[in-house]
Amino acid sequence: MQKCDHCGLSYNEDVLIKDGSFEEAKYFCCKGCQGVYHLLKNEGLDGFYDKRGKTSLEPPKTVLDDTKKFDLDGFREKYISQKDGFYEVSLIISGIHCAACVWLNEKILYKLDGVIEAYISQANNKAKIVWDPETISLSSIIEAIRSIGYNAYPYDAKTQEAHANAQRRDYYARLAFGIFAVMNIMWIAIAQYYGYFFGIEKNLKNILTFAEFLLATPTLFFTGSIFFKSAYYGLKNGFVTMDLLIASGSSLTYIYSLYAMLSGIGEPYFDSVTMIITFVFAGKFLEVLMRKRAVDTLDSISSMLPTEVLLVNGKDKKFVSVESIKKGDLIELKAGEKVVIDGICVNGEGSFDESSISGESIPVLKIKGSKIISGTICLESVILYRAETKAKDSTVNKIAALLEDAMNKKPHIEQLANQISRKFSTTILSIAFVTLFTWWYISGFNEALIIAISVIVIACPCALGLATPVSTLVGLGVAAKKGVLFKETKFLESLTKCNVLILDKTGTITLGKPEIISMEKFEEFDINILYALTQSSLHPVSKAIAKYLENGENNLKKIELANIKTLEAKGVEANFKGRRILGGNTRLLKEFGFECKDEYMTNYLFAIDDKICAHFILKDIPRSDAKEAIAKIQKIGIEIIMLTGDNENAASETAELTGIKEFHASLLPQDKANFIENLRVQGKKVVMAGDGINDALALAKSDIAISLGSGTDIAVNVSDIILMNDSLDALAKAFLISKKTYRTIKQNIAFSIIYNATTIPLAVAGFVMPLIAALSMSLSSLVVVANALRIKTKINR
């Protein structure tokens, strides 16, 4: 038999293709393998075969479907996202068997001109590819993947749910059989132990032992096959995993019991084999359930979204797919229907259930001009609204993507725990071997083997392995239900280490909707010029004045201003027919030579050329939950400082109303960033919470950036945590959840260390039999999971 030099499969030499173009003749099973081998050799990637080792591959298959479909507009709209001029897609690559396959695919992709980034996860074969569409097409990328014997398909997030359900059903069947075997073998074990102490006929004992063998064998090789498979792939890639300990411990016990049954020397431990596998597998099953709950967290936000919406075009109405909706299309929404695409209400009014997005159970009234958020439910009436995004860019899809990314990325403490687990497994195997030879010398092989098995089983680091991921998943799930989104799990850990919270005033502590207290007019002017100037700014003060003018004037006209400049934390400058227009606070006007003084509240002055034409005084009240939330945060030891571009008087009033002791007023965006930088130089860990464009620089300078969901896109983009319900109580909950989660992780790790430090010496000393070892090890895993679930009850109190 001769192996194919590419795929490694064995064939008779006379059916193989002999290639003499190399120094040493090569043999290939097909033209596909020969072509791939030449390609890798020419590209300098023949190191793949060293990394592949003894793993065999499937020969390259001829794929009949046209790759040009990957370049169609419909495919691009559904699966491809665009950012900074580059395209990004997630693909599932089939045919990946090992780390060498991942290495080869990444190398091939990076060698393509135009491919910016290519990352493949060996855990789920999911590839993230970023490329320049001006240089290379997606179809060319797919052809490159296929040229080396693999294939690629678009990744659909909904398949994750199907995979989770399939895995859960498979694990349930395996666990059910294990429990069935344990329940029956326990009755047999009772009879055997009774006979051990009070006597039993040899024939009956043999029958009972054979019955245990019949139950233990399928339990080991069916229920326990998960451990053997994991141990095999771990060893193949050079890792000693916790599954190797279970596989080796249970296998040694089974082999010894088989020997004892056939030879009649010693006592068989088939009951221990069955219980070891079943109890440990129960811990595995709990982990699968936790991951399923993590998927359910995504589903509670994005599941059951309609695939069609009612498009209104004049008098015509028709159902169309959500992917075909463009910005500006009109959509009709009836009572009980779920919103798929973000938009603005243009006709009708009704209440919406936003609990899946914000965590608030009280319905929110939407009227003309209100923002309609995807993922919410229309509770009454018929609403006509204008689409503001495409389906893939909607709020609900962004939230689902953020949560999925967060759950796939590990915090530092979890990476550390995994490193300890890997080294721990190797250490335990070494201790077991030393124990085996020591007790063999003292008491003989039979007793030595049982004690060594007990050491392997009792020391399995399942609890250590579960300590962080289970707690993290629970913490992320609870946070999402409370309206708090962590972009990555590492921010859950980082937030606990922060000791200073910087709060922006307008829109964060306050509602960001200032009310006009008074208006004083000094000169006659065209009100439309002021309206156009306020329309050019997104600042809450400008919005408030624009709304004030809309409510008071019915004949406002659109005026085009020239040379509009936004002066951060000051106001806006523009030109109209050669005249200079200014609108902003006293600082802005002082810079242009005007004489004016600060009032107690927020000021807005409007000037044309060298004359102040109008003066507005505004007041922005704090959020209803601000004082209570700030008190909660201060109670857990966080220092709170308010930074604002507003005047000293307005800042002082807000600080007094909310219980903030330290504040700094009249700050420019750069001043806020410098203030945070100085705190970090002092060794402090800083959290910044803001919502506006002028907060973006400060957010970027902080250790952890938090933005409100209603904030500007730039503030949301640079943030690490998003508060979906615009509530400061959600900010307090973010701190509470992170601290409870991190504390739980440390408790679980401490418990795991104490457990192993106590039980391993007992097992080495011969005081623990394999059955008790399996029970205690499984109980340690259950304790860790149960402690993680306590996060829910702590937060809900």
Quiz item: Taking 0.36 nm per intervening residue step and subtracting the Cα-Cα distance, what contour gain separates Gln682 from Lys229 on full extension?
Solution: 158.0 nm
Self-check item: Per-residue ³J(HN,Hα) for the range 178-194, Karplus 6.51 cos²θ - 1.76 cosθ + 1.60, θ = phi - 60°, Hz, x for Gly and Pro
Solution: x, 5, 4, 5, 5, 4, 6, 6, 5, 5, 5, 5, 4, 5, 5, 5, 4
Self-check item: FRET efficiency, Lys597 to Ile564 (Cβ-Cβ, R0 22 Å, nearest 0.05)
Solution: 0.20
Quiz item: Considering only Cα-Cα distances, which of the following residue pairs are longer than 29 Å: Lys128/Lys326; Lys128/Lys334; Lys128/Lys327; Lys368/Lys570?
Solution: Lys128/Lys334; Lys368/Lys570
Practice problem: Would you please put 341-348, 186-193 in order of how densely packed they are, using the mean number of other Cβ atoms within 10 angstrom per residue and starting with the highest? | Solution: 341-348, 186-193
Quiz item: Residue-wise, which Karplus ³J(HN,Hα) couplings in Hz belong to the range 376-386, taking 6.51 cos²θ - 1.76 cosθ + 1.60, θ = phi - 60°, and x for glycine or proline?
Solution: 8, 10, 6, 8, 7, 6, 10, 10, 10, 9, 9
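Quick check on packing: order 253-262, 214-223 by the mean number of other C-beta atoms within 10 Å, highest mean leading. Spell out each step's value before the answer.
Working: 253-262: 18.6, 214-223: 20.1.
The peptides rank, most packed first, as 214-223, 253-262.
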Practice problem: Skip the ligands, DNA and RNA, and give the accessible area per residue of the range 530-613 with a 1.4 Å probe, whole Å². | Solution: 56 Å²
Quiz item: Between Leu112 and Tyr172, what is the spin-label point distance in nm, taking each point 7 Å from the Cα along the Cα→C-beta axis?
Solution: 4.0 nm
Practice problem: Apply the Karplus parameterisation 6.51 cos²θ - 1.76 cosθ + 1.60, with θ equal to phi minus 60°, to every residue of the range 138-155 and state each ³J(HN,Hα) to the nearest whole Hz, in sequence, with x for glycine and proline. | Solution: 5, 4, 5, 5, 4, 4, 5, 5, 5, 5, 9, x, 10, 9, 9, 10, x, 7
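Of the peptides 315-323, 722-730, 679-687, how do they stack up when ordered by the mean number of other Cβ atoms within 10 Å, highest first?
722-730, 679-687, 315-323
The values are calculated or read from the model by the stated rules, or taken from the named source; none is laboratory data. Quick caveat, the model's predicted, so the values are computed rather than measured. FYI the Cβ positions are ideal-geometry reconstructions off the backbone, even for glycines, and counts take in every protein chain you see. The protein model used for the area step is the full one, side chains on, heavy atoms only, and it has no ligands, DNA or RNA in it. Shrake-Rupley method; radii C 1.70, N 1.55, O 1.52, S 1.80 Å.
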